[in-house]
Ligand code: KG4
Ligand code: ZN
């Protein structure tokens, strides 16, 4: 089954062609990051306009790269939630128009389910059940992937997402948006013991997380140093911060592996590119005798191939839509409107 997949939920416009959920025939992407960098973050209105400008050419390019004609497509898949509403709407309306004009199935895909599916592209042997740590700019969750379309949220952040915190701290340190990757690089060579940052425990569910206290502590430390004109050791602060985020995530993932008895751990989302988190997860999984799946950096960030992969399994589960399909700024990975 050949699926044309569309992703436009944030600041990347992407169109891919994916066969049977596992084989990427084409993966075209146009990033707006440089543009939003001028403003220190994504400007939703600009994002929507740029998606409109890019999406038609990208779809043509994806088909050409794949060597597939419009007639050979079996379905059109699209991220329908969550994301910047104007941005998601561009993809949804484009996909609806293509599906209607070509008389193809229309498959709505939840963006985070797509991130999880990036692992199916990177690891052909990986099949549910497995545990997945989702760490992106907007989400931080520990998910029990019981089947391709059946999931349970075991733990989630109660406030900020890990990526948001990386970006905020990086921004205050003067790094360009999105700062997570830059902060990760600067942390190499830093002494993580130099600055003490908190690792707060959250409320009732031990698998839930809270990042706002850690973020505020890091920002206060930076502002205080500015006020007293103390020179910050930036690599060490970055190393401490990455270590603290990792310490919030990895022990909880360990607890979740132990509680569920799962022997496979996958990672998804942009923050899954973080070198410290990757290292700590690998070490923890090895100790537990669990297999760890770390997708390549190219598949960690937003792309349309991951949407095409998940779409195949949504189709097999009967999850298609008609022209009534709408876009949603927020929606649970389980499909409920929030
Ligand atoms: O999944 P993604 O591409 O977009 C969302 O769906 O949110 O994730 C983007 C996030 C940004 O916050 C970015 O700073 C972060 O992933 N990120 C990183 C690294 N690479 C990207 N954070 C920490 N370390 C990295 N190496
Ligand atoms: Zn994403």
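The values are calculated or read from the model by the stated rules, or taken from the named source; none is laboratory data. Quick caveat, the model's predicted, so the values are computed rather than measured. No Cβ is skipped: glycine too gets one built from the backbone with ideal geometry, and neighbour counts run over all protein chains shown.
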Just the residues that are more than 16 Å from ligand 1 (Cβ to nearest atom), in contact (Cβ under 8 Å) with a residue 40 or more places away in the chain and either closer than 14 Å to residue 77 by Cα or out of contact with any helix residue (DSSP H, G or I) (no Cβ under 7 Å at 6 or more places or on another chain) (or both), please, taken from the range 1-23. 1, 2, 3, 4, 15, 17, 18, 20, 21
For residues that are over 19 Å from the mean Cα position of the chain (by Cα) and not in a loop (DSSP other than H, G, I, E, B), scanning just the range 170-200, find the one that is farthest from ligand 1 (Cβ to nearest atom). 172
Looking at the range 292-324, which of its residues are touching a helix residue (DSSP H, G or I) at 6+ places or on another chain (Cβ under 7 Å), outside any loop (DSSP other than H, G, I, E, B) and away from ligand 2 (no atom under 16 Å from the Cβ)? 292, 293
Hey, does the range 248-266 have a residue that's modelled with pLDDT of 95 or more, within 16 Å of ligand 2 (Cβ to nearest atom) and in contact with a strand residue (DSSP E or B) (Cβ under 6 Å, 6 or more places away or on another chain)? yes
Which ones in the range 93-133 are out of contact with any helix residue (DSSP H, G or I) (no Cβ under 9 Å at 6 or more places or on another chain) and within 16 Å of ligand 2 (Cβ to nearest atom)? 112
Conditions first: (1) buried (at least 21 other Cβ atoms within 10 Å of the Cβ); (2) more than 18 Å from the chain's Cα centre (by Cα); (3) within 16 Å of ligand 1 (Cβ to nearest atom). Residue 234 passes all but one, so which condition is the exception? (1)
Just the residues that are over 24 Å from residue 180 (Cα atoms) and either under 21 Å from the mean Cα position of the chain (by Cα) or in a loop (DSSP other than H, G, I, E, B) (or both), please, taken from the range 258-284. 261, 262, 263, 264
Of everything in the range 142-169, what is surrounded by 22 or more Cβ atoms within 10 Å (Cβ to Cβ) and within 12 Å of ligand 1 (Cβ to nearest atom)? Give them in sequence order. 161, 162, 163, 164, 165, 166, 167, 169
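I need the full set of residues from the range 171-180 which are buried (at least 22 other Cβ atoms within 10 Å of the Cβ) and touching a residue at least 24 places away in the same chain (Cβ under 8 Å), in order please.
Selection gives 178, 180.
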Evaluate the following for residue 333: is it in contact (Cβ under 8 Å) with a residue 60 or more places away in the chain and closer than 19 Å to residue 265 by Cα? yes
Given the condition within 16 Å of ligand 1 (Cβ to nearest atom) and assigned to a helix (DSSP H, G or I), answer yes or no: does some residue in the range 221-231 qualify? no
Hits in the range 139-160 - residues which are in a loop (DSSP other than H, G, I, E, B) and either away from ligand 2 (no atom under 16 Å from the Cβ) or in contact (Cβ under 8 Å) with a residue 60 or more places away in the chain (or both): 139, 148, 149, 158, 159
